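Readers should treat all values here as calculations from the given coordinates under stated rules, not as data from a laboratory. Keep in mind that what you see is a predicted model, and the values were worked out from it rather than measured. Using ideal geometry, Cβ is built from the backbone for each residue, glycine included, and neighbour counts are taken over all protein chains shown.
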Amino acid sequence: MDKDLGLSVIVLNWNNAVPTLECLSVISTWSGLTVEVIIVDNGSAEEDLSRLSGLNQGCTIIKNKTNEGFAGGNNVGITFALEKGFPFIMLLNADTQIKEPCVKKLLECMDHDPNIGVIGPLIRENGRIYEGGRNIGVYSDTRIPYKPENGETAFREVDYVPGTVFLARGDAFRKAGLLDEEFFFSGEIADFCRRVKQSGMKCAVYRKCEAIHNPDDKLMARETLYNYYTLRNRFLFVRNHFRYSKKIFILRWVAAGVVQVLLARITGRKTRSIALWLGLKDGLSGRFGNRNAQFNR
């Protein structure tokens, strides 16, 4: 593979400078790739943002005045990369680490198969390994567990490649469009991959390398924002992509949402139950986009 193939790596920061800097320190060890790192700060507090001020000249920092969500924040970086003509664009979560040989392998896969629009590695998280995801409009648990016996073939085509580590051609965005900002957070990558596949390109996981994801499951946002958007955005995905079975799957997520709310109540997880109830109501009524204000009262 030509090492001069341009790669833009986009890291989104939202009041999370410490893991962002750790992620960048790993990227700084890459020596055989032509890489431009784009840090998109999503309206972080000044104290957090100031920690990023000493980054080297190899990084471009774009500062959003407000939190534009995962979709909107990354779209700023993607648009910047497309305007500069980068043929390959990687979205990389700040709490994720991937080594250079793995990135090179992913780029080689793209170089060898022009029909691959999006590709990612295996994801190791909390002692488990996953290989891509399934249709979020159908399944509750969409992440696919990796089984070594399935690894005889190097590739697996999937419904979506997780945004944890997500390598796409610039042409995939030109054909399928940017991330849908109505999702705000969660589901936008599944939606994008669906559109990429509809455009005639493939979404795949390369099983011969992996990245490490270290999410902070203790954050209150996991109980509130994560649960809210994960449920609410199922309704948006179904509305976008289920032409003939839309009503059936809307009812499916109403039922699933009610069950989740009741279970959260029974187990004493009041914060979770409120977030799920709001997600259920907003999903049914079509209130999408940024709804974080509901949790700031």
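Compared with the dominant Cα axis of the chain, that is its longest principal axis, helix 188-198 is turned about 70°. Once the Cα atoms are used to define both axes, helix 225-241 deviates from the longest principal axis of the chain by about 90 degrees. Note on ARG239 and ILE62: the extension gain reaches 60.5 nm, defined as 0.36 nm multiplied by sequence separation minus the Cα-Cα distance.
Computed per residue of the chain from DSSP H runs no shorter than four, each worth -39500 (n - 2.57), the mean residue ellipticity at 222 nm is -12500 deg cm²/dmol. Cα-Cα over 27 Å: which of LYS247/LYS281; LYS246/LYS281; LYS63/LYS84; LYS147/LYS281; LYS65/LYS175? Long pairs (Cα-Cα over 27 Å): LYS147/LYS281; LYS65/LYS175. Per-peptide packing, taken as the mean over residues of other Cβ atoms within 10 Å, places 45-51, 196-202, 156-162 in the sequence 156-162, 196-202, 45-51 from highest down.
Output the antiparallel fraction of DSSP beta bridges having both residues in the range 7-213, as a percent to the nearest 5. Intermediate results must be reported in sequence, preceding the final value.
Details: 18 of 44 bridges.
Of all bridge pairs located within the range 7-213, approximately 40 percent are antiparallel.
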